[in-house]
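Visitor: Got a structure for you, questions after.
Just so it is clear, none of the values below were taken in a lab; they were calculated from the coordinates. Note that the structure is a prediction, hence the values are computed from the model and not measured. Every residue, glycine among them, receives a Cβ derived from its backbone with ideal geometry; neighbour counts consider all protein chains shown.
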Amino acid sequence: MNFPAYIAQKLAANQKQTFSRFIIRLSVGATAVGVAAMIITVCFVNGFQQTVAQKVFNFWGHIRVQHFEPDKSLMAEELPISRNRQIETLLSQQEGVVIQQAFATKSAVLSHKKILRGFC
């Protein structure tokens, strides 16, 4: 028989109010509360992640076609691309595509009450 399991079983099954029984019950309870807290935390994080992802998709869309820029860190703005009817036709034929829309981006620096903020 496994000696540590035998000792643990004897301590846990003891009907007398001993200090070791109290410690075992306290540790089981603390472990249960900790696991419950982690499960609740993961549920909140997953909910927030899905909400943030949905907000980003609502703003940017699920697919974004743009000019390939290997060294984008040197440029503040994206390079424009010309519209291609073949790509638009191919995208519109895909199942689940509801709308296609062209967009433009422009970098700016805004100031309000002596506070400067840069946006790309």
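Visitor: Given charges of +1 on the Cβ of Lys and Arg and -1 on the Cβ of Asp and Glu, with all other atoms neutral, how large is the dipole of the chain about its Cα centre, in debye to the nearest 20?
Guide: Magnitude of the dipole: close to 760 debye.
Visitor: Looking at segment 19-103, which chymotrypsin sites (Phe, Trp or Tyr not before Pro) are DSSP coil and have at most 15 other C-beta atoms within 10 Å of their C-beta? Before the final figure, lay out the partial values.
Guide: Numbers: sites: PHE19, PHE22, PHE44, PHE48, PHE57, PHE59, TRP60, PHE68, PHE103; in loops: PHE68, PHE103.
Those that pass, being in a loop and sparsely packed, are PHE68, PHE103.
Visitor: Follow-up. Calculated from DSSP H runs of 4 or more alone, at -39500 (n - 2.57) each and per residue, what is the 222 nm mean residue ellipticity of the chain, nearest 500?
Guide: -17000 deg cm²/dmol
Visitor: Which of the helices in the chain, when you take each full DSSP H run, stretch at least 20 Å along the axis at their Cα atoms and have an average Kyte-Doolittle score of 0.0 or higher?
Guide: Length and hydropathy pass: 19-60.
Visitor: Mind putting together the pair-distance distribution for segment 1-62? All Cα pairs, 5 Å bins, whole percent per bin, short to long.
Guide: Result returned by the calculation: 3, 15, 12, 12, 10, 8, 8, 7, 6, 6, 5, 5, 3, 0.
Visitor: Using all Cα-Cα distances in the chain, what percent lands in each 10 angstrom bin from 0 up to the longest?
Guide: So the P(r) values, bin by bin, are 9, 18, 19, 15, 10, 9, 14, 7, 0.
Visitor: Same structure again: Once R0 is set to 30 Å, what does the formula 1/(1 + (r/R0)^6) return for the Cβ-Cβ distance between LEU90 and ASN58, expressed as a FRET efficiency to the nearest 0.05? List each step's numbers first, then the result.
Guide: On the way: r = 24 Å, r/R0 = 0.79.
According to the calculation, E is roughly 0.80.
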